[in-house]
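The values are calculated or read from the model by the stated rules, or taken from the named source; none is laboratory data. Bear in mind the structure is a predicted one, so any value in this text is a computation, not a measurement. Cβ: placed from backbone, ideal geometry, glycine included. Neighbour counts: every protein chain shown. The area values use the complete protein model at the heavy-atom level, side chains included, leaving out ligands, DNA and RNA. Shrake-Rupley method; radii C 1.70, N 1.55, O 1.52, S 1.80 Å.
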Amino acid sequence: MVRWRLTRAEGVLAGTPLDEILDNGGVLTGAPADVPGHDDHARAQAWLEQQFRGYLDSDRPTWVILPDRERSQRHLWQDLAAGQVEVGFGRAGVTLALNQINRLQAPATLAAIDRMPGSQPQAVVESRMRVDLEPEEVGLGLTLSLVDGRLDGDIDLTSLMVKGRAVAPAPEVLFLPGTGSDGSLDRLMLSLAAMGDWVGKDVRWELAEARIGPLGTVGSLFNWYWLHEGFRLGDWQGPVVIMDMDTSPLVGLSVVDYKA
């Protein structure tokens, strides 16, 4: 099994440099930084395109994950990418990208860009993040990585849970999307019966995004980086389950372990 180190993490989360958040233990001090006047569609697209172009000159295979709402513009983004980067959409797009990188077994870059509603009317909070992935004999190992669902219909999470529990019946940590108070877990609550011991007292539920604020698709990539750093620093030993899900019918579920 190829394993991965996540390196050279950089970006801005909720308007704050990633380094500042990491130096503060993964917590955002103060409120997310609103950006006023970015409420119209044209300016929103211009910002996304500007951030997207920043990844086109990478010297290694690169995946850029955009908000799921941009999926309807897939062909426009693929034209802009011009074959220089792979484009994905939504939190489950992060799972898909990691699957592809795992099969490639070569150094790669994974980035995510999103913007969420701010605390003030007609304001937004902007986030972007990238990490490099290096294949090594030590690091994260993808024991199971699945994406399920249909874009023209909903998904029964039960089948994903059954497959995940077969590999990790009692994981040490379950990484979940969102902040826990933003409605991101509503779909998951409908599948509590299928989660079995994942809702037991011995399984820790981790919402890394809750320390910062809603990050959209970028929150999924931050979850993965936070997972990697927790393993590296010995905060947990695994196995760990991580779920990538949002408003899209697509849901990603991965079981991960770590070799020190």
Looking only at residues that are modelled with pLDDT under 95 and hydroxyl-bearing (Ser, Thr, Tyr) in the range 56-84, which one is surrounded by the fewest Cβ atoms within 10 Å (Cβ to Cβ)? Ser72
Odd one out for Thr109 among (1) closer than 21 Å to Leu253 by Cα; (2) of a type in the set (Ser, Thr, Tyr); (3) at pLDDT below 95: (3)
Residues in the range 201-209: is at least one at pLDDT below 95, part of a helix (DSSP H, G or I) and either under 16 Å from Thr158 (Cα atoms) or of a type in the set (Phe, Trp, Tyr) (or both)? no
Being touching a helix residue (DSSP H, G or I) at 6+ places or on another chain (Cβ under 6 Å) and either at pLDDT 95 or above or among the hydroxyl-bearing types (Ser, Thr, Tyr) (or both) narrows Phe175, Phe231 down to just Phe175
Can Gly180 be described as in contact (Cβ under 8 Å) with a residue 60 or more places away in the chain and under 21 Å from the mean Cα position of the chain (by Cα)? no
Regarding Val256, is this residue in a strand (DSSP E or B) and surrounded by 19 or more Cβ atoms within 10 Å (Cβ to Cβ)? yes
Could you list all residues from the range 1-25 that are at positive phi and part of a strand (DSSP E or B)? Arg8, Gly11
Those strands (runs of 3 or more DSSP E) lying entirely in the range 85-197 with at least 1 residues open to solvent by 70 Å² or more (accessible area, probe 1.4 Å): 86-89, 108-117, 123-136
Residues being in contact with a strand residue (DSSP E or B) (Cβ under 8 Å, 6 or more places away or on another chain), under 23 Å from Ala82 (Cβ atoms) and modelled with pLDDT under 90 - total across the range 27-55: 1
Scan of the range 167-188 for residues that are among the charged types (D, E, K, R) and either closer than 19 Å to Glu229 by Cα or touching a His at 6+ places or on another chain (Cβ under 7 Å) (or both), ordered by number: Glu172
Which one of these is in a loop (DSSP other than H, G, I, E, B) and more than 26 Å from Gly230 (Cβ to Cβ): Leu48, Leu56, Leu28? Leu56
Looking at Gly230, Gly234, Gly219 in this structure, which one is within 28 Å of Thr16 (Cα to Cα), open to solvent by less than 10 Å² (accessible area, probe 1.4 Å), over 14 Å from the mean Cα position of the chain (by Cα) and not aromatic (Phe, Trp, Tyr)? Gly230
Is it the case that the range 140-150 has a residue that's free of Cβ contacts under 8 Å to residues at least 24 places away in the same chain and farther than 20 Å from Tyr225 by Cβ? no
